[in-house]
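In what follows, a single structure is set out as structure tokens and then discussed.
The values are calculated or read from the model by the stated rules, or taken from the named source; none is laboratory data. From a predicted model like this one, the values you see are computed outputs, not experimental measurements. Please note: Cβ atoms are built from the backbone with ideal geometry, for glycine as well, and neighbour counts cover all protein chains shown. These accessible areas exclude ligands, DNA and RNA; they are computed on the full protein's heavy atoms, side chains included. Shrake-Rupley method; radii C 1.70, N 1.55, O 1.52, S 1.80 Å.
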Amino acid sequence: MTEVRISINGESRDHDVDPRTLLVHYIRETRRLTGTHVGCDTSNCGACTVLLDGAPVKSCTVLAAQADGAEITTVEGLATNGTRSPVQEGFRQKHGLQCGYCTPGFLVAATALLEENPDPTEQEIREGLEGNLCRCTGYAMIVDSVRWAAEHPEGHVPTDTAGAEVAS
Amino acid sequence: MSLVGAAVLRKEDPNLLVGRGTFTDDLHPAGTAFMAFVRSPEAHARITGIDTSAAADMPGVHGVWSLAELSLGEGEGIPPLPGVPGLERPALADGVVRFAGEPVAVLVADDRYLAADAVEAVDVDYEPLPAVASIPAALAEDAPLLYEPVGSNVVFGIPWEDDAEAELAAAQNRTSIRLVNQRCAPVPLEPMVILADASAEGLTVHVTFQAPHHLRTKLAGWLGEKEHRIRVIAPDVGGGFGSKINFTPELFLAPLLSRQLGRPVKHCQTRSEAMQLMYHGRDQIHDVEVGFDDDGRVRALRNMISQNVGGYPDPNGMGMAVLTTWMSAGCYKIDKVAAGFQNVVTNTTPIAAYRGAGRPEATYMIERVMDLVADETGLDPADVRRRNFIGPDEFPFSQPHAEAVHYDTGNYEAALDKLLEMLDYDTLKQEQAARRDDPDRPLMGIGMSTWVEIASFGPRGSLEGFGHLGSWESAKVRLQPDGSVVVNVGSAPHGQGHETAFAMIAADELGVDYDNIIVRAGDTETMPQGIGTMGSRSVPIAGSAVKAASEKILVKAKEIAAHLIEANPDDLELRDGGFGVIGSPEDHVNWQAVAHASFQPGQLPEGVAAGGLDEQVFQEVPNFTYPSGAYGCVVGIDRDTGEVRVERYVLVDDCGTVINPLLAKGQVHGGAAQGIAQALYEAVVYDDAGQPQTSSLLDYLAPAATELPAFEEGRVSTPTPVNPLGAKGIGESGAIGSPPAVVNAVVDALSHLGVRHLDMPLSPEKVWNAMNDNGATS
Ligand code: FES
Ligand code: FES
């Protein structure tokens with residue numbers, strides 16, 4: 001067993017972990033933050049993407065022990081005070097998700113992408129998200145979602161009179 | 001305001017966007033243990049010994065079982081999985097393994113790491129047998145047999161009824177081609193996961209599955225349990241594409257072992273396991289002959305289909321080829337069609353439904369044939385199609401070669417016109433010529449596919465043959481005392497947006513605010529019966545059930561409303577979130593008051609029972625629906641590397657009435673992505689000995705955002721008369737219409753080099769060889 005101190009979304013905890021525990025399993029099972037998903041075992045799909053000290057990493061290829069002392073942000077940490085982040089709102093507005101399994105990884109990766117490049121072109125968005133697979137969407141609307149977020153850095157929730165929000 | 005037709009944002013999203021979805025692996029009841037499989041490294045072998053003792057002795061391991069060691073209790077053996085009589089798959093290999101990865105033993109341990117360690121500790125002895133891994137190998141004269149008593153590797157087939165020889169001979173021209181529709185892996189991003197808990201009364205199963213009731217029935221029969229003691233819940237499901245509807249061993253073994261161990265048992269497939277164990281799709285070879293006149297009119301078509309069903313014939317997989325024969329004529333009027341098939345077993349993973357299931361194969365065939373006819377007659381592919389279309393005034397149209405196939409509505413020519421206009425076809429043709437002559441620019445090709453598919457699996461008998469209880473779909477609409485609405489549907493979604501679509505339908509029908517409607521699905525406890533989500537049946541059939549149940553609610557609600565405001569029910573209209581008397585603005589009662597009164601016997605008119613605003617409908621439909629469309633693809637081909645880039649992609653769809661354009665767009669994009677990927681990237685590959693060469697996402701190329709294009713969309717709308725919504729369904733369209741559009745584009749780009757056909761996937765190597773005349777053309 002190895003002792004680790006890992007901060008996730010601003011909350012730091014100490015745990016004894018089996019040295020071979022993957023960070024993604026530590027996040028999901030020890031910390032019970034199940035928004036981060038596992039889609040592969042070859043670090044190809046990106047469903048497990050989290051921010052480690054601000055940089056996107058695939059948490060299925062990092063050991064929990066390697067994250068000792070680190071600051072992790074998961075999808076659960078993107079919204080502030082219950083308000084969706086611009087990227088989260090972009091995915092909602094532009095229908096950037098279907099089953100939602102890949103979504104947390106995309107949201108985290110897109111957040112990091114916009115941090116680095118706040119005004120990406122379509123091609124830059126596609127390249128920036130190359131490490132994430134989605135099997136449902138065909139990506140076009142994910143690209144639109146990230147564009148929306150770039151254009152609405154404050155986030156924005158339009159409402160509609162019929163009780164249903166319609167796409168903007 | 002009517003919601004149907006509006007781009008309403010999804011009800012599903014708020015939870016999924018903040019990491020609060022509930023997928024099966026997110027659940028960890030106390031005491032959960034993990035189930036793992038010992039899988040065969042051999043494709044075909046006799047098992048001569050299994051030593052589980054070392055694994056069983058490991059701390060934290062609760063048990064290890066081979067088939068012989070499993071029992072239902074009191075010495076009862078384990079029945080085989082549902083399958084083809086006599087050739088059923090056993091729950092674990094029964095003395096012989098028939099594909100690499102087939103589970104030979106199962107174990108349960110405290111956590112997934114220990115379970116993986118224990119798997120390594122199980123010792124299995126195999127005596128390898130000669131294997132066959134492809135249709136030609138399985139059909140070879142001295143081929144090793146998978147099932148000796150059958151006497152052949154052909155397990156089932158239907159020959160063409162009439163071989164169309166006379167019509168082929170009578171046509172002015174005839175040609176033939178062999179088309180291979182390669183094996184694909186469905187790759188839902190969430191692999192198969194099941195959590196079975198029989199530690200208390202009865203059995204509760206959370207599972208990533210498309211048809212919970214169907215599983216409940218099968219589990220009850222298998223385990224000798226009553227259905228009322230089994231609850232199957234499909235919570236959030238991370239994609240399915242047909243793969244999560246097959247009865248594979250984990251679905252039966254997790255509940256069995258949970259019952260035996262008295263604790264929750266979970267199984268999470270790894271991706272590598274999913275690549276081997278989740279039933280694959282496609283894998284058909286078509287031997288096609290076509291007779292046609294000089295003017296491009298197709299007179300006769302003969303298509304003999306050989307389908308590789310893998311090591312065990314799955315009933316779903318066996319049925320795919322039937323659909324392919326049905327849809328062999330596409331959207332064309334061909335005087336004579338003869339289509340037959342044979343299902344062939346090989347030492348590979350079984351085949352079953354994958355997005356489109358049997359129709360992509362038919363569409364690929366007929367749309368490649370149309371381009372071949374164009375090539376041989378020197379006509380434009382658009383003209384050849386136009387000359388063979390079923391005309392817009394010829395519906396309903398019965399395909400003479402397939403008894404069950406009656407196209408409902410369509411306007412194929414309008415879709416093609418729209419496509420050509422959006423592509424700006426004539427300008428593209430000029431550009432293509434210019435690029436051919438400019439060695440510095442990539443070669444360019446334009447491909448089209450004008451397709452029709454069969455959807456809305458609902459006519460009586462269409463699913464019963466696959467073991468379902470019926471082909472209907474169910475909906476239950478219930479008013480709460482405050483006037484809010486709960487809609488339950490029997491079809492369990494995996495990303496399609498059911499909550500949104502069905503709430504929109506109910507909101508329109510009932511005049512209740514969209515926000516006051518909640519939709520529930522995927523739980524056998526909340527719905528007495530349901531069928532499931534596949535074959536684009538949810539909106540057309542379940543959506544119609546929601547509409548019908550809402551209509552029934554409305555009848556009773558009107559009576560109550562009329563009683564409350566002392567009016568005649570016939571004088572009432574839906575207005576302002578309630579009921580009003582027509583022409584009398586003051587006389588109004590809101591839904592809340594009506595719903596509230598419905599629970600209070602003293603407030604009800606004579607003959608109306610309390611709590612009556614609760615209706616369930618089992619919706620049947622008289623026919624399938626036939627979504628159609630025209631897709632166009634422009635490719636650029638790198639002259640140095642052979643790499644194909646999709647430069648433009650135009651999707652013109654006709655799915656009848658669109659409930660929500662956002663959802664429809666999402667479904668089409670996703671399908672098209674999978675179809676383009678089949679054309680260019682994806683193939684499950686085995687070596688000659690049946691060893692899988694594509695067992696992970698490292699070697700199976702599921703495309704990322706950099707590989708796929710932006711999509712341009714157009715629409716034609718011929719609503720179907722088959723259901724009251726007019727909706728035809730759109731879940732499979734993209735995957736069905738796309739592969740030929742892309743392949744036709746690539747062949748078009750290379751046609752001046754004499755290339756007539758290339759088999760999918762069109763890898764850079766294959767294309768480069770074709771460009772450089774290295775024998776890869778056929
Ligand atoms: S689960 Fe980490 S990349 Fe796929
Ligand atoms: S939304 Fe299903 S995998 Fe991306």
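At a glance:
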read-out: Failed criterion for B:D571 (all others in (1) charged (D, E, K, R); (2) open to solvent by less than 60 Å² (accessible area, probe 1.4 Å); (3) more than 25 Å from the chain's Cα centre (by Cα) hold); value: (2)
read-out: Failed item, numbered, when B:F618 is tested on (1) part of a strand (DSSP E or B); (2) of a type in the set (A, V, I, L, M, F, W, C); (3) open to solvent by less than 40 Å² (accessible area, probe 1.4 Å); value: (3)
read-out: So B:V132, is it more than 14 Å from chain A (Cβ to nearest Cβ) and of a type outside the set (G, A, S); value: yes
read-out: Residue in segment B:572-581 that is touching a helix residue (DSSP H, G or I) at 6+ places or on another chain (Cβ under 8 Å) and farther than 23 Å from B:I505 by Cα present; value: yes
read-out: Residue satisfying all of: in segment B:581-615; among the polar types (S, T, N, Q) and open to solvent by 40 Å² or more (accessible area, probe 1.4 Å); nearest to B:S471 (Cα to Cα) among these; value: B:Q592
read-out: Residue check for B:S763: at pLDDT 95 or above and open to solvent by less than 30 Å² (accessible area, probe 1.4 Å); value: no
read-out: Meets criteria (over 17 Å from B:S2 (Cβ atoms) and surrounded by 24 or more Cβ atoms within 10 Å (Cβ to Cβ)) for B:T526; value: no
read-out: Residue within segment B:396-418 that is surrounded by fewer than 19 Cβ atoms within 10 Å (Cβ to Cβ), assigned to a helix (DSSP H, G or I) and in contact with a strand residue (DSSP E or B) (Cβ under 6 Å, 6 or more places away or on another chain) present; value: yes
read-out: Residue tally, condition touching a residue at least 40 places away in the same chain (Cβ under 8 Å), within 12 Å of chain A (Cβ to nearest Cβ) and of a type in the set (A, V, I, L, M), over segment B:507-520; value: 2
read-out: Positions within segment B:707-733 being within 14 Å of chain A (Cβ to nearest Cβ) and either open to solvent by 10 Å² or more (accessible area, probe 1.4 Å) or more than 21 Å from B:A329 (Cβ to Cβ) (or both), in sequence order; value: B:E707, B:L708, B:P709, B:A710, B:F711, B:E712, B:E713, B:I730, B:G731, B:E732
read-out: Residues (within 13 Å of chain A (Cβ to nearest Cβ) and not charged (D, E, K, R)) located in segment B:210-246; value: B:Q210, B:A234, B:P235, B:V237, B:G238, B:G239, B:G240, B:F241, B:G242, B:S243
read-out: Within segment B:504-594, strands (runs of 3 or more DSSP E) holding 3 or more residues that are aliphatic (A, V, I, L, M) and modelled with pLDDT of 95 or more; value: B:517-521
read-out: Lone qualifier among B:F252, B:F292 - being more than 16 Å from ligand 2 (Cβ to nearest atom), more than 14 Å from every other protein chain (Cβ to nearest Cβ) and under 20 Å from B:R39 (Cα atoms); value: B:F252
read-out: Tally of residues being free of Cβ contacts under 8 Å to residues at least 60 places away in the same chain, open to solvent by less than 10 Å² (accessible area, probe 1.4 Å) and either in a loop (DSSP other than H, G, I, E, B) or near ligand 1 (Cβ under 10 Å from one of its atoms) (or both) across segment A:24-38; value: 1
read-out: Every pair of residues 6+ apart whose Cβ atoms lie under 6 Å, when the first sits in segment A:39-65 and is on the phi > 0 side of the Ramachandran plot while the second is near ligand 1 (Cβ under 10 Å from one of its atoms) and charged (D, E, K, R); value: A:S43/A:K58
read-out: Subset of segment B:672-704 that is assigned to a helix (DSSP H, G or I) and within 8 Å of chain A (Cβ to nearest Cβ) - its residue that is surrounded by the fewest Cβ atoms within 10 Å (Cβ to Cβ); value: B:A673
read-out: Contacts under 7 angstrom Cβ, first residue in segment B:223-236 being over 27 Å from B:E190 (Cβ atoms), partner among the basic types (K, R) and at pLDDT 95 or above, 6 or more apart; value: none
read-out: Of the criteria (1) in contact (Cβ under 8 Å) with a residue 60 or more places away in the chain; (2) touching a strand residue (DSSP E or B) at 6+ places or on another chain (Cβ under 6 Å); (3) surrounded by fewer than 21 Cβ atoms within 10 Å (Cβ to Cβ), which one B:V539 fails; value: (3)
read-out: Answer from A:P153, A:P86, A:P120 - the residue that is away from ligand 2 (no atom under 16 Å from the Cβ), over 27 Å from A:I8 (Cβ atoms) and not hydroxyl-bearing (S, T, Y); value: A:P120
read-out: Matching strands (runs of 3 or more DSSP E) fully within segment B:140-202 where at least 1 residues are more than 16 Å from ligand 2 (Cβ to nearest atom) and among the polar types (S, T, N, Q); value: B:173-184
read-out: Candidate set: segment A:105-117, residues that are away from ligand 2 (no atom under 15 Å from the Cβ) and of a type in the set (A, V, I, L, M); chosen: the one nearest to the other protein chains (Cβ to nearest Cβ); value: A:L113
read-out: Matching residues in segment B:637-648 - criterion: being open to solvent by less than 50 Å² (accessible area, probe 1.4 Å) and not β-branched (V, I, T); value: B:G642
read-out: Single match in B:S258, B:S306 (criterion: assigned to a helix (DSSP H, G or I) and polar (S, T, N, Q)); value: B:S258
read-out: Among (1) surrounded by 24 or more Cβ atoms within 10 Å (Cβ to Cβ); (2) farther than 30 Å from B:G726 by Cα; (3) of a type in the set (A, V, I, L, M), the one test that B:L651 misses; value: (2)
read-out: Residue in segment A:8-22 that is more than 11 Å from ligand 1 (Cβ to nearest atom), facing chain B (nearest Cβ under 8 Å), closer than 28 Å to B:T208 by Cα and surrounded by fewer than 18 Cβ atoms within 10 Å (Cβ to Cβ) present; value: yes
read-out: Test: B:G495 is surrounded by fewer than 19 Cβ atoms within 10 Å (Cβ to Cβ), on the phi > 0 side of the Ramachandran plot and either modelled with pLDDT of 95 or more or under 25 Å from the mean Cα position of the chain (by Cα) (or both); value: no
read-out: Complete set of residues in segment B:488-503 that are within 16 Å of ligand 2 (Cβ to nearest atom), of a type outside the set (S, T, N, Q) and in a loop (DSSP other than H, G, I, E, B); value: B:A492, B:P493, B:H494, B:G495, B:G497
read-out: Test: residue in segment A:121-139 that is open to solvent by less than 10 Å² (accessible area, probe 1.4 Å), within 11 Å of chain B (Cβ to nearest Cβ) and in contact with a His (Cβ under 7 Å, 6 or more places away or on another chain); value: yes
read-out: Of all residues in segment A:43-65 being under 12 Å from A:A109 (Cα atoms) and of a type in the set (A, V, I, L, M), the one that is nearest to ligand 1 (Cβ to nearest atom); value: A:A47
